[in-house]
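Novice: Below you'll find the structure I mean.
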Amino acid sequence: MSRIALFPGSFDPVTVGHVDIVLRSAHLFDKLVIGVGNNSAKQYMFPLQDRIDWIRRTFSGDPRIEVISYTGLTVECCKEIGARFILRGLRAAPDFEYERSIAQMNRYMDQLIETVFMLSSPQFAPVSSTVVRDIIRHGGDVSTFVPEAVSSGL
Ligand code: ADP
């Protein structure tokens, strides 16, 4: 049975922190599917298609990585794509508290799906899409914090 992992998130926009998690974990799985959330209750800064295109361009040429959009429950998306693993990144303690409750609720809903956590590399721990959006709103330079596909597409 092939090991498929779903890396779900908003990726609004994708950052070098996300890229680090993807590249370091891709070899653990046969396929890593990046699931770009499209939640009607959430207000995104960037349209879904931009968020997807930037990730596709960042990982183009890497056959292990696929990008999809999804709505609804993460465990339902996992079932649809045959993923037995959910990948999430951890930067610091607040991430842990948030991720723990989500992972435990997902486990309650489907005990066959395991959430796997990868710690951020120290140099990327302060990077978040939230801070990147703030810098963009105020006209600052985010090229250090996002992959080239994003900085060249802004
Ligand atoms: P969400 O809205 O689901 O939190 P994000 O795009 O903000 O979506 O994050 C997706 C995942 O990537 C989460 O597990 C988050 O903790 C992780 N992540 C975000 N930034 C970093 C970073 N700099 N280093 C490691 N993991 C990160």
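Novice: Distance from a point 7 Å along Cα→Cβ of Ile68 to each backbone N in the range 6-24: keep the residues under 19 Å and list them by number.
Specialist: Zone members listed by number: 6-11, 22.
Novice: Which distance in nm do the two modelled labels at Asp110 and Ser2 give, with both placed 7 Å along the Cα-to-Cβ direction?
Specialist: Simple spin-label model gives 1.7 nm for this pair.
Novice: Among residues other than Ser60 whose Cβ falls under 14 Å from its Cβ, what is the net charge (Lys/Arg +1, Asp/Glu -1)?
Specialist: -1
Novice: At 1.4 Å probe size, what's the solvent-accessible area of Val33? Round to the nearest 10 Å².
Specialist: Result for Val33: roughly 0 Å² accessible.
Novice: Can you figure out the FRET efficiency of Thr144 with Gln49, using R₀ = 22 Å and their beta-carbon distance, to the nearest 0.05?
Specialist: 0.30
Novice: Could you compute the net charge surrounding Tyr44? Neighbours are other residues with a C-beta less than 12 Å from the C-beta of Tyr44; K and R count +1, D and E count -1.
Specialist: Combined, the nearby Lys, Arg, Asp and Glu give +1.
Novice: Turning to a different aspect of this structure: How large is the helix-only mean residue ellipticity at 222 nm for the chain, computed as the sum of -39500 (n - 2.57) over DSSP H runs with n ≥ 4, divided by its residue count, in deg cm²/dmol to the nearest 500?
Specialist: So the helix-based figure for the chain works out to -11000 deg cm²/dmol.
Novice: Working with all protein chains in place, sort Arg133, Arg24 by solvent-accessible area computed with a 1.4 Å probe, largest first.
Specialist: Correct descending sequence by accessible area is Arg24, Arg133.
Novice: A further question follows. Give me the angle, in degrees from 0 to 90, between the Cα long axis of helix 93-109 and the longest principal axis of the Cα atoms of the chain, rounded to the nearest 10.
Specialist: 40
Novice: How big is the range 47-124 on each of its three principal axes, counting only the C-alpha atoms and giving the largest first in Å?
Specialist: On the principal axes, the range 47-124 reaches 35, 34, 25 Å in Cα extent.
Novice: In whole Å, largest first, what are the principal axis extents of the Cα atoms in the range 4-151?
Specialist: On the principal axes, the range 4-151 reaches 45, 34, 32 Å in Cα extent.
Novice: Could you tally the net charge around Gln111, taking each other residue with its Cβ under 13 Å from the Cβ of Gln111, Lys/Arg +1 and Asp/Glu -1?
Specialist: Net local charge, Gln111 excluded: +1.
The values are calculated or read from the model by the stated rules, or taken from the named source; none is laboratory data. It should be emphasised that the depicted structure is a prediction, and the values quoted were computed from it without experimental measurement. For neighbour counting, all protein chains shown are included, and Cβ atoms are generated from backbone atoms with ideal geometry for every residue, glycine included. Note: areas computed on protein heavy atoms with side chains; ligands, DNA, RNA excluded. Shrake-Rupley method; radii C 1.70, N 1.55, O 1.52, S 1.80 Å.
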